[in-house]
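K.L.:
Here it is: the structure, laid out below.
The values are calculated or read from the model by the stated rules, or taken from the named source; none is laboratory data. Predicted model, so just to flag it, every value in this text is computed and none were measured. Positions of Cβ are generated from backbone atoms using ideal geometry, with glycine treated the same way; all protein chains shown enter the neighbour counts. Quick note on the areas: whole protein, heavy atoms, side chains included, nothing else; ligands and nucleic acids left out. Shrake-Rupley method; radii C 1.70, N 1.55, O 1.52, S 1.80 Å.
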Amino acid sequence: MNSISPDLVLKLFRKDALLDIRKLAFQIGVDNTNAMLVTVLGNLERNRKIRRIGGKGRHTRFVLTTFEG
């Protein structure tokens, strides 16, 4: 099983600023209902690193809100 860290998720967002949960889960190699993925996305959203822009459930789309290196 892959370890999902905020750094890994942010790295993928830096490559493609707009991602939905399905595409993000595919790139990481996990199911889109993976608890660790949902937790990391929730933490990044609370810390205002990403922002939810639409969709529901597995179609939820997020955008990167910070452009730090």
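K.L.:
Charges on Cβ only, +1 for Lys and Arg, -1 for Asp and Glu, centred on the Cα centroid of the chain; of F62, G42, P6, which one is farthest towards the dipole's positive end?
P.N.:
F62
K.L.:
At 7 Å along the Cα-to-beta-carbon direction for both K11 and I53, put a label point, then send me their distance in nm to one decimal.
P.N.:
2.4
K.L.:
Continuing with the same structure: Run the numbers on the chain and let me know its relative contact order in percent, using alpha-carbon pairs under 8 Å that are six or more apart. Before the final figure, lay out each step's value.
P.N.:
On the way: 80 pairs, mean separation 24.6, N = 69.
This gives 36 percent for the chain.
K.L.:
Please sort by residue number the chymotrypsin sites (Phe, Trp or Tyr not before Pro) in the chain whose DSSP state is loop and whose Cβ has at most 10 other Cβ atoms within 10 Å.
P.N.:
Numbers: sites: F13, F26, F62, F67; in loops: F67.
When the chymotrypsin sites (Phe, Trp or Tyr not before Pro) of the chain are filtered for loop state and at most 10 Cβ neighbours within 10 Å, F67 remain.
K.L.:
Counting only other residues whose beta carbon sits under 13 Å from that of R61, what net charge do I get with K and R as +1, D and E as -1?
P.N.:
Details: positive: R22, K23, R51, R52, K56, R58; negative: D16, D20, E45.
Here the count lands on +3.
K.L.:
Determine the per residue accessible area of the chain with all protein chains present and a 1.4 angstrom probe, expressed in square angstrom. Show your work: numbers first, answer last.
P.N.:
Numbers: 4590 Å² over 69 residues.
I get 67 Å² per residue for this part.
K.L.:
Would you work out what percent of the accessible area of the chain, with all protein chains in place, is carbon or sulfur (probe 1.4 Å)? List each step's numbers first, then the result.
P.N.:
Working: 2370 of 4590 Å².
Carbon and sulfur: 52 percent of the exposed surface of the chain.
K.L.:
With no solvent and one point per C-alpha, what does the Debye sum give as log10 I(q)/I(0) for the chain at q = 0.17 Å⁻¹?
P.N.:
-0.51
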